[in-house]
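Trainee: Have a look at the structure that comes next, please.
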Amino acid sequence: VRMCHTPILCTGAGVFGGEMALLPDETLLLNEIAPRPHNSGHYTIDAGVCSQVDQQVRVLAGAPLGDTAQLAPAVMVNILGEAWQHAGGEPDWAAALRDPRVKLHLYGKREPRPGRKMGHLTVLGGSLDDALDRALAIRAALRPLRQPAQPIPR
C-alpha cells in the first residue's frame with residue numbers, strides 16, 4: 001500500500017470524525033474525514049463521559065469541551081439490513097438485550113436493505129476481551145451482521 005503524504009487541511013467548528021485502519025505492519029491508513037459526529041464513534045454515547053454528539057453541541061454553543069474519558073471497555077457492532085432478511089421481519093432484539101450491558105440503537109430508517117446501516121449495538125464489558133466475547137455471541141444470534149465486531153481502543 002502506498003501512503004500519500006499530502007497534508008490535509010480541515011476548517012470548521014465542531015467534531016471531525018476520522019476513520020482509520022492500522023495494518024499488520026503498523027501502517028496507518030486514513031479512509032475518511034467527516035466534518036460531523038461519525039458512526040464509528042457512536043460507542044461514545046454509551047461508553048464515554050461526554051459523547052461525540054455532546055461535544056458537537058458544546059462546540060456549537062460556545063461551551064467548554066467535555067471530558068473524553070471512556071467509562072468502560074466497549075465493542076460496537078453495526079446492524080445491517082440483512083438482519084431483517086435473516087429474521088424474516090423484525091429481528092429478535094430481546095435476544096440481544098438479555099445481556100444487561102448491551103445498548104441497542106436503531107436509527108429509525110424505514111427500509112432495511114443489504115449493506116445499509118440500520119443501527120448498532122454497544123456492548124460494555126469489564127475488559128475488552130469480555131466485551132468482545134459477548135458482542136460476538138450476540139452478533140451470532142442476530143446473523144447476518146456481516147461486519148465483524150470491532151474493539152474500541154481505550
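The values are calculated or read from the model by the stated rules, or taken from the named source; none is laboratory data. Treat the numbers as computed from the prediction; the structure is a model and nothing was measured. No Cβ is skipped: glycine too gets one built from the backbone with ideal geometry, and neighbour counts run over all protein chains shown. Calculation scope for accessible area: heavy atoms of the full protein, side chains included, ligands and nucleic acids excluded. Shrake-Rupley method; radii C 1.70, N 1.55, O 1.52, S 1.80 Å.
Trainee: Conditions first: (1) in a strand (DSSP E or B); (2) open to solvent by 40 Å² or more (accessible area, probe 1.4 Å). ILE45 passes all but one, so which condition is the exception?
Mentor: (1)
Trainee: Do we have VAL53 as open to solvent by less than 80 Å² (accessible area, probe 1.4 Å), out of contact with any Asp or Glu (no Cβ under 9 Å at 6 or more places or on another chain) and farther than 18 Å from SER40 by Cα here?
Mentor: Considered against the rule, which asks whether it is open to solvent by less than 80 Å² (accessible area, probe 1.4 Å), out of contact with any Asp or Glu (no Cβ under 9 Å at 6 or more places or on another chain) and farther than 18 Å from SER40 by Cα, VAL53 comes out as no.
Trainee: Further, regarding this structure: Could you count how many residues in the range 48-94 are of a type in the set (A, V, I, L, M) and not in a helix (DSSP H, G or I)?
Mentor: 12
Trainee: Still on this model: On the given criteria, is GLY126 in a loop (DSSP other than H, G, I, E, B), within 20 Å of GLY48 (Cα to Cα) and either open to solvent by 50 Å² or more (accessible area, probe 1.4 Å) or in contact (Cβ under 8 Å) with a residue 60 or more places away in the chain (or both)?
Mentor: yes
Trainee: If you don't mind, another one. Which residues, counting only those in the range 133-147, are open to solvent by less than 70 Å² (accessible area, probe 1.4 Å) and either touching a helix residue (DSSP H, G or I) at 6+ places or on another chain (Cβ under 8 Å) or modelled with pLDDT of 95 or more (or both)?
Mentor: Hits for the range 133-147 are ILE138, ALA141, LEU142, PRO144, LEU145.
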